[in-house]
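Here's the structure, in structure tokens; my notes come after.
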Amino acid sequence: MTEWARQCLATYHRHPWILAATGMRRQIMGPHQLGWLDAALAALAATGLSAAQQHDTFLLLVGHVRNVGHQYVDDDEAANEEWAHLTAKAMERDKERFPALTAVVAAGGFAPQGGNPLDFGLERILDGVAALIPSDPVRDCQ
């Protein structure tokens with residue numbers, strides 16, 4: 001599933017228009033979208049998750065990948081600088097109103113960390129999904 005997510009994000013990088021084109025609720029899925037869904041479900045097939053859990057896992061993962069994809073597509077240095085400047089002014093003016101946000105910003109929580117937001121989320125999601133997978137005593141002994 002990690003490789004599936006990385007390939008999906010790479011597709012969004014190459015074709016950013018896909019994010020908007022596939023963002024409508026209940027649209028007709030084309031053969032490529034169906035192929036991505038099929039590949040994800042095939043990867044989940046041997047997990048022992050129920051069919052509904054497999055589908056929910058797909059939705060959770062594709063949602064995370066799309067979110068990261070939007071962040072990359074919408075990344076604009078000038079807009080980021082303007083946002084940071086205006087947000088800093090608003091927070092300075094109203095820091096008592098947003099104490100948790102002010103503390104996280106002051107501690108560097110919004111500074112670039114050099115990590116990979118896709119991988120961070122994937123690890124958390126897949127760890128949670130792994131907890132749902134029934135243990136197999138025969139497989140555990142091998």
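Any read-out appearing in this document is the output of simple, stated calculations on the displayed coordinates, not a laboratory observation. The shown structure was predicted, so the numbers you read here are calculated from the model rather than taken from an experiment. Heads up, the Cβs are rebuilt from the backbone with ideal geometry, glycines too, and the neighbour counts pull from every protein chain shown.
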Cα-based Kirkwood hydrodynamic radius, the stretch 1-41, one decimal, Å = 10.9
Cut-off 15 Å between beta-carbons: net charge of the residues surrounding residue 122, Lys and Arg +1, Asp and Glu -1 | -1
With each label point set 7 Å from Cα along the Cα-Cβ vector, what nm distance links residue 50 and residue 22?
-> 2.7
Which length gain, in nm to one decimal place, applies between residue 33 and residue 2 when the Cα-Cα distance is subtracted from 0.36 nm times their residue separation?
-> 9.4 nm
Using alpha-carbon coordinates, inclination of helix 2-14 to the longest axis of the chain, degrees = 50
Centroid-to-centroid separation of the stretch 1-66 and the stretch 78-115 [C-alpha atoms, Å] | 33
Give, rounded to the nearest 20 debye, the magnitude of the charge dipole that the chain has about its Cα centre when Lys and Arg contribute +1 at Cβ and Asp and Glu contribute -1 at Cβ.
-> 340
In the stretch 37-140, which GluC sites (Glu not before Pro) fall in coil by DSSP and have 15 or fewer other Cβ atoms within 10 Å?
-> 96
Could you work out how far helix 31-44 tilts from the main Cα principal axis of the chain, as a 0 to 90 degree angle to the nearest 10?
-> 70
Value of [θ]222 nm, deg cm²/dmol, for the chain, DSSP H segments ≥ 4, -39500 (n - 2.57) each, nearest 500 = -22000 deg cm²/dmol
For the stretch 65-124, what log10 I(q)/I(0) values come out of the Debye formula at q = 0.17, 0.20 1/Å, with one point per alpha carbon and no solvent?
-> -0.76, -0.96
When the Kirkwood radius is taken over all Cα pairs of the stretch 2-132, what Stokes-Einstein diffusion coefficient follows at 4 °C and 1.567 mPa s, in µm²/s?
-> 75
Whole-number percent relative contact order across the stretch 2-132, with pairs defined as alpha carbons under 8 Å at least 6 apart | 34
